[in-house]
Amino acid sequence: MSHAIGVDVGGTFTDVVVSGESVTVAKVLSTHGDPTDGIVSGILLALGRAGVPASEITRVVHATTLATNAVLERKGERVAYVTTRGFRSAIPLGRYARVEEDRYDLRFDPPPPPVAPEDCFEVPERIGPSGEILEELDEEAVLRVAESIAAQGITSVAVCLLHSYAEPAHEARVAAILRETLPDGADVVTSSEVWPEIREYERATTTIMSAYVGPVMARYLRRLRERLHAIGVTAPVHVMESSGGVMSAELAARRAVATIESGPAAGALAAALTGHPDIISFDMGGTTAKTCVIRDGRPEITHEFHVGGKGSFGGRRAGTGVPIKTPAIDLAEVGAGGGSIAWVDAAGALRVGPRSAGSEPGPACYGLGGDEPTVTDANLVLGYLDPSSLGTLSLFAELAEKAVDQRLAWPLGVSRAEAAHAVHEIANAAMGSAVHVVTVQRGIDPRGFVMVAFGGAGPMHAARVAERFGIDTVTVPPHCGVGSAAGLLAGDLSTDRVLSRLGAGDPGAVFEELAAGAAADLGLTLGSPGVSVERSADLRFLGQAHDLTVPWSDVPEELAGRFVAKYRQVYGIEQQGPVEVVSYRVRLTQHATTPPHTLTTHTLTTHSRPDDEPAPDEPHRGHAVTPHERHADPQSRAGSSDTPQILDGSAEGLGDESVDVPQVRGGSVGTPRGRVRAAWFPECGGFIDTPVLTRDRLPRTPGPAIIEDAEATIVVPPGWTAVLSSTGAVILERAR
Amino acid sequence: MTESITAEVLRNALVVAAEEASIVVVRSAYSTFIVEGSDASAAILDAGGRLVAQSMATTLMNSMALKIALPELLKDIPAATMRPGEVFVLNDAYRGGVHTNDLLVYRPVFSGGRPAYFTATMIHVSDLGGLSAGGMAPLATDIFLEGLQIPPVRLATAAGLEPAIEAIMRANSRTPDKVIGDVRALIAGTAVAATRMESLLAEHGPDGLAEGIDAYLDYTETRTRGALAELPPGRYPSSYAIDDDGIDLTRPHTVRVTIIIGPNPPVSSPPPHTLSPPTAQPPPHAERRIGRVPGIVLDFEGTDPQVPAAINSSSSQSLAAAVFAVRCFLDPTIPMNDGCLRAIEVRLPPGSLLNAHSPYPCGGRFVPIYAAMEAIFQALSDAMPDRAIAASGILQPFSIAARSAPYWIHLSYDFGGVGARAGKDGPDATGVHFGIGRNSVPQVEPVETRCPLIVESVETIPDSGGPGRWRGGLGSRTVFRFLADAHVTTRGDRLRGAPPGRSGGLPGRLGGFFKRHLDGTVERLNSKVNNVRFDAGEALVIETTGGGGIGSPRDRPAEEIHLDLKSGKITNAGAQADYSLTSSPVETM
């Protein structure tokens, strides 16, 4: 039996999923000094629980925030930047936008450039827009620059020359001279290798970021492989890229920028695993909420995003971060999470965020010294959260009440519950704006989509956010806490290539060249089984600047027709006129060997926790369920040998390193436990006794209701009904 | 109850409605400015002409134009005669517009059978005639030379563009297809925002939405007044000079302002040129407020008279400059809408540079209004030395166009250096005025792909920032070498009188427009020139002016001077001449 491991290293937790006949998960705290420590302990824990020897692991897929953090914390490698003579200032000058309050800020400072002005160099050469050589490369000058860079002790170099997408020869020659001159092991990245697309600024920043995080990524992946070897895992390590494909560790080191959004990409794939064709994924954590759209089972892809930029109304505002020109899952993110602080501004308006209480001091109810009310405090006041505890963390309801009273209700002159509900609503609206960005603003009608809710806070808000868009179905997957790690195993081995070439005479040749390059990247042979090539192109109306990507067709009329149709969808304009192709794209894919259905039909057997991680307030529940019929007739098959067992980890099992003893517990299925607590719903006129159920004992339940399990609290508002699906997901449906 | 405390939700929705309109315009327009990276403007107004919300990238210049022009549109075309699906346009500079190339497009949003709101969009369109392609006519002596004037007219009905208007626009444009493409983009933008407004009307009900908007404007006014109350009371006079009008190069022109901050500013009967409070009738549902004592008065009495040259401004643009400059000294997070305007009184003498009458040309309005902004900055810097900013280099627009058909045109601007701020150096080559960022400067590759020219360099000019304890921002140098014969048109200022420093800081280095001949000699052009002939092989050099410094350069610490040397912001020669640095020169690239 072969097994695969998915590892998602997040800011707080490292999640490990081992898949094979069933899925086993482990969740440990991330180790920031050396993330491989957390990975190794998580894998050992998960393997132990699954009873799988390390030697049976055939594949490891990894999502990491290493590249993101290196960019955000400016902890990458020092980079020298080499460009065409005359443009040494271009990167330091930047192309930032000034938006919103920056507009009126006389003390505004431009964002610091990704490379220091004194580390920017230029070489005499010139290539024209059609690839013609206007001025030969001055190799003597390149040598002098290389010596200067060497003298500075810089060992990572980014090269971006004008129009190199049309003719890469000069860049290649500059790189060769640099490699000859710099010490062994120096990294030289050229823009024509990284992302040969027109517009020099974004191409340069993408190249610079590659040089900036590449060496860090290479060292890290080298260390990870050594650590895995040491525990007997010799399978190849794959890394998820921002667009949801996976690539080899070697390629990930060369294309580190392509991994910047690897965690969120895995999350989107996990949402896609629920099997619905049209999905809006909704992931709300402590500080932000993220959302993306999946259509026909595929997440929407964007070709440019910004790292470290300012968010505004759900969009990531161009010009406020470092632009990265690689494909990424099209996410919208807003700074609204459980920790977002609610406040009353000078003119008496209630506001939520953008400041977050984070984990220290955290929401007021944590009792860690925070006295500002957060979204979590509001949810506690409203009775949505269990007032006795959140995991191992004891909550202090009176502190939440005090914070809401003193900071919000009294200044606003409203009741505590009204203030708390307003905070809840404003947070919902902020998250709604993120959904708006990826749907309505893209010309997509969200009605008929299924919302898949993740994250600690997502299921508490999801139904309310869904209501704003006329979405009638919300799914909360069985173990939403490790959803991203599960999504890793669904990623196909794939990579993307692009080339800007206006007026290319023979698109077929361009595509062949791109496909061959992509195949070489992945070490695959074109035409072998399971390997597919997807061709697309960026088109625009002649005379416009903005292009749209559409699937390629060799028939020009058909290609233009696709473009016009997409233009109409996105902008709502019936435009006519000649169109031109700007860029050609291929995506080469070898389909994943782990069939996704194993992930949807088998669920968690154990759930181990480190001591300091929040644990459920009730006896530990391994909420395993059988596929199919679980809800309809649990007892009839519970004991049969060909079906995964219904497991209920007992309290004694908590922290037990061995596999929990299966305990058939059919009789209690569907029996509510009779708990109620007062929760506030405006439709009910205020506080109302609300049934509190657990996921593994969930009968069909009309709202208002609250469903709790180890990982999340689900709020079922009035008008919604909760049912448990055959795969263990809680499905909320709204009466139409 | 919850309705009023979740007002933030409605406020964001209004801004998002405007934001979506501007996205659609940017993505679908053909205008060179937009194609090369500039943003479109979009706003939501009510039928009373109140500015309700604007998109994030909308400059105040454009939202003030949209605000001032809407009542003028309604004078000519009463709201009661408007039908769903209709769209209206104007560009009349004397009735709120800016100059002929900026089209203001409005679409009514109906409630109870009559227009309750208007969604509006605006860009600098591709070309609408005039002396020079793309809309720059720096030597125009009246508005008729600047391009086609459009009074308020119906642009489209539910059935599509008005054929007569389309025909007139096409006939008056060097790029007829592109200008109509731009018009379609503007119309589409208003449609998107109107759809959002319709859903807000459905969600909140007509009265609920009106009340929510009233509360939003009141809230903004409260915050604006609160911020104004924190400014030090007093009368602060200042002035700023314009180099010349481009025709008579011997005579400067001056914008003068007196700022009155205080609990009891003089309340006389409002002078005829008072622009705030707005002259428009409030909508029937708007509750009126009690007495309106402005929190600040900006009186431009004493400003030089309008001239028959393109350095005048229409009133909407001067209002924008005044409000922008004041806002730079207030909490920057205050929303921008009519509530803010209610707290600020701006007095613009009719017939002055800042409030021109027909037919005085207004195309070069940024020259006088940047002088107005600078005068306000300097007056408020006098009032609040710890928040002072020295004078800045300003943007230097230029156009490069084919000398004959087929037309190609490159229309752009470069930024000057920003003045030093008390406690901070000035940023290099970026906009301080109206807060535009460098993302609106075109990239080289697309421009070279589109036009027969080579961009030889884009670089900062060492030593161009005004020396001081806090150094002014650097200017930039861009060189275009032509591969085909071309016409060059420029519109510069602060190229003769350098932006001064403050408190012992020195002025920024003067920039200019230059022609580099085939033999390599470089000739300085006047700051405002029209259709100068350049032959293939010749080059246009654009150097922008640096910002002024603050404090004596002798007080600048040696380590900061060394950092400037290392990063190439100053040269060894500059370090010695400007900062008297004699020791340890650093080798620079």
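The values are calculated or read from the model by the stated rules, or taken from the named source; none is laboratory data. Everything quoted here is computed from the prediction, not taken from an experiment. Here the Cβ is made from the backbone with ideal geometry for all residues, glycine too, and neighbour counts use every protein chain on show.
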Counting only residues that are more than 29 Å from B:ALA429 (Cα to Cα) and out of contact with any Gly (no Cβ under 9 Å at 6 or more places or on another chain), give me the helices (runs of 4 or more DSSP H) lying completely in the stretch A:18-111 with at least 1 of them.
A:35-50, A:66-72
Of the candidates A:ASP696, A:ASP648, the one satisfying the condition of being of a type in the set (D, E, K, R), modelled with pLDDT under 90 and not in a loop (DSSP other than H, G, I, E, B) is A:ASP696
Somewhere in the stretch A:113-120, is a residue over 26 Å from B:PHE324 (Cβ atoms), buried (at least 20 other Cβ atoms within 10 Å of the Cβ) and more than 14 Å from every other protein chain (Cβ to nearest Cβ)?
yes
I'd like to check something: does the stretch B:453-460 contain any residue that is part of a loop (DSSP other than H, G, I, E, B), surrounded by 21 or more Cβ atoms within 10 Å (Cβ to Cβ) and touching a residue at least 24 places away in the same chain (Cβ under 8 Å)?
no
From the list B:HIS99, B:HIS124, which one is surrounded by 23 or more Cβ atoms within 10 Å (Cβ to Cβ), in contact (Cβ under 8 Å) with a residue 40 or more places away in the chain and closer than 28 Å to A:VAL579 by Cβ?
B:HIS124
Does the stretch B:520-531 contain any residue that is surrounded by 22 or more Cβ atoms within 10 Å (Cβ to Cβ), outside any strand (DSSP E or B) and in the same structural domain as B:PRO427 (by TED's automatic domain parsing)?
yes
Output yes when any residue across the stretch B:399-420 is at the interface with chain A (Cβ under 8 Å from one of its Cβ atoms) and surrounded by fewer than 24 Cβ atoms within 10 Å (Cβ to Cβ), and no when none is.
no
Restricting to the stretch A:70-87, give me the number of residues that are over 20 Å from A:ASP187 (Cα atoms) and at pLDDT below 95.
2
Among the residues of the stretch B:437-452 satisfying the criterion of being in contact (Cβ under 8 Å) with a residue 40 or more places away in the chain and in contact with a Gly (Cβ under 8 Å, 6 or more places away or on another chain), which is farthest from the other protein chains (Cβ to nearest Cβ)?
B:PRO442
Among what's in the stretch A:150-164 and is surrounded by 24 or more Cβ atoms within 10 Å (Cβ to Cβ) and within 13 Å of chain B (Cβ to nearest Cβ), pick the residue that is nearest to A:PRO196 (Cα to Cα).
A:SER164
Tally the residues that are over 22 Å from B:MET56 (Cβ atoms) and either assigned to a strand (DSSP E or B) or among the β-branched types (Val, Ile, Thr) (or both), restricting the search to the stretch B:327-362.
4
What are the residues in the stretch A:165-182 that are assigned to a loop (DSSP other than H, G, I, E, B) and within 19 Å of A:ARG254 (Cβ to Cβ), if any?
A:TYR165, A:PRO168, A:LEU182
Pairs only if they're at least six apart or on different chains, beta carbon under 7 angstrom, first in the stretch A:122-135 and under 15 Å from B:GLU448 (Cβ atoms) and in the same structural domain as A:THR83 (by TED's automatic domain parsing), second surrounded by 15 or more Cβ atoms within 10 Å (Cβ to Cβ) and of a type in the set (Gly, Ala, Ser); list them, first residue then second.
A:ILE127/A:SER164; A:ILE127/A:ALA166; A:PRO129/A:ALA166; A:SER130/A:ALA166; A:GLY131/A:ALA166; A:LEU134/A:GLY128
Which residue pairs have Cβ atoms closer than 7 Å, lie 6 or more positions apart in sequence or on different chains, and pair a first residue in the stretch A:687-699 that is of a type in the set (A, V, I, L, M) with a second residue that is surrounded by 22 or more Cβ atoms within 10 Å (Cβ to Cβ) and part of a strand (DSSP E or B)?
A:ILE688/A:ALA679; A:VAL692/A:ILE706; A:LEU693/A:ALA705; A:LEU693/A:ILE707; A:LEU698/A:ILE707; A:LEU698/A:ALA722; A:LEU698/A:LEU724; A:LEU698/A:VAL730
Take the conditions touching a residue at least 24 places away in the same chain (Cβ under 8 Å) and either within 20 Å of A:SER210 (Cβ to Cβ) or not in a loop (DSSP other than H, G, I, E, B) (or both) and apply them to A:LEU162. Does it pass?
yes
Could you figure out which of (1) part of a loop (DSSP other than H, G, I, E, B); (2) of a type in the set (A, V, I, L, M, F, W, C); (3) more than 10 Å from every other protein chain (Cβ to nearest Cβ); (4) surrounded by fewer than 24 Cβ atoms within 10 Å (Cβ to Cβ) isn't true of A:VAL414?
(3)
Those residues of the stretch A:28-60 which are farther than 14 Å from A:TYR220 by Cα, of a type in the set (D, E, K, R), touching a residue at least 60 places away in the same chain (Cβ under 8 Å) and surrounded by fewer than 23 Cβ atoms within 10 Å (Cβ to Cβ) amount to A:ARG59
Tell me yes or no: at least one residue of the stretch B:44-61 is within 14 Å of another protein chain (Cβ to nearest Cβ), modelled with pLDDT under 95, in a helix (DSSP H, G or I) and closer than 30 Å to B:TYR360 by Cβ.
yes
What is the number of the single condition among (1) under 23 Å from A:ASP283 (Cβ atoms); (2) touching a strand residue (DSSP E or B) at 6+ places or on another chain (Cβ under 8 Å) that A:THR83 does not meet?
(1)
Out of the residues in the stretch A:344-362 that are in contact with a Pro (Cβ under 8 Å, 6 or more places away or on another chain) and at pLDDT 85 or above, which is farthest from the other protein chains (Cβ to nearest Cβ)?
A:VAL344
